[in-house]
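Notes follow once the structure below has been shown.
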Amino acid sequence: MPEAAHSAARMNAGDRRRQLLDAALELFSRKGFGGTTTKEIATAAGVTEAIIFRHFPSKQALYTAVLDSKAEACGHEDWLADIQTHMDRNDDAGVLRILGAAILESYRTDARFERIFLFAALEGHELGLAHHRRFALPVFELFRDYIARRQHEGALRDYDAGTVIAAIVGMAQNYAIATELFGFKPLQLDDDQVIDTFTNIMMRGIRRNKAPHKAPKNTRKRK
């Protein structure tokens, strides 16, 4: 029996599913949904196409399962709980920092998922884009509402709250793409230092400075 077939016979359903997901993730991240065939995925996994369809009814279902595996692996609930702690303390810098750091960490941990979403945008693949919006929009709204609340409380300048979030996201994401996908490494700083710098830039721009204390006018007339 060939080694690949022997390995396929020994692998249990859970391990096989994970193997197929990883092979699909690799190919979808390099060729997009439209450019990847189930035959290529089967070859990469060392199985037949029939094995793929035993676990997933279609290429679309496999693609969705790949995207869902990202959400399952990222510890979303713990991350949101950490964010809420900073928000409850009105830690504006901490809130912005945790958002920027999460974006950069996502690229560092496994940039293949980020490449899949970029391909989805280039291909106009609505399933991938809808999946991204399903997770990204609630997070965006959470941060936007926090910024709006802090503006109402007088702590932050009255810029459009969504634009403030777009600014920190844009800095972190652009840096992640340049360094992780394009291989551009111009800085001698580690990621923590970079995110600290981005956060400081943002805070200097949006923090509402307290009005300087003015000495009372001397109303006594000089003799």
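Read-outs throughout are calculated quantities, based only on the coordinates presented, and are distinct from any laboratory measurement. If you're wondering where the values come from, they're calculated on a predicted model, not measured in any experiment. FYI the Cβ positions are ideal-geometry reconstructions off the backbone, even for glycines, and counts take in every protein chain you see.
Residues whose amide H lies under 5 Å from that of LEU156, counting only those 5 or more places away or on a different chain, are GLN151, ARG208; hydrogens are built 1.01 Å from N in the peptide plane. The convex hull built on the alpha-carbon positions of the chain has an orientation-averaged projected area of 18.3 nm². Helices in the chain, meaning DSSP H runs of at least 4 residues, each add -39500 (n - 2.57). Divided by all residues, the mean residue ellipticity at 222 nm is -24000 deg cm²/dmol.
Of the residues THR38, GLY100, LEU25, the one whose Cα sits farthest towards the positive end of the charge dipole of segment 1-156 is THR38 (charges of +1 on Lys and Arg Cβ, -1 on Asp and Glu Cβ, taken about the Cα centre). Compute the Cα gyration tensor for segment 89-183, then decide on rounded, prolate or oblate, letting a ≥ b ≥ c be the square roots of its eigenvalues: rounded whenever a/c is under 1.5, prolate when a/b is larger than b/c in the other cases, and oblate in all that remain. It comes out prolate by the Cα gyration axes. Counting only alpha carbon atoms, the long axis of helix 161-176 and the longest principal axis of the chain meet at about 50°. Highest mean packing first, where packing is the average number of other Cβ atoms within 10 Å per residue, the peptides 21-28, 120-127, 195-202, 102-109 line up as 21-28, 195-202, 102-109, 120-127. Taking Cα atoms only, the orientation of helix 59-73 departs from the longest principal axis of the chain by about 50 degrees. Please state the shape class of segment 19-92: rounded when a/c is under 1.5, otherwise prolate if a/b exceeds b/c and oblate if not, all from the C-alpha gyration tensor. Prolate, because a/c is 1.5 or more and a/b exceeds b/c.
Close amide H contacts of GLY32 (hydrogens built in the peptide plane, cut-off under 5 Å, sequence separation of 5 or more or a different chain): none are found.
Given the C-alpha centroids of segment 168-186 and segment 102-133, what is the distance between them in whole angstrom? Going from one Cα centre to the other spans 14 Å. Please report the relative contact order for the chain, taking Cα pairs under 8 Å with a sequence separation of at least 6, and give it as a percent rounded to a whole number. Relative contact order comes out at 21 percent.
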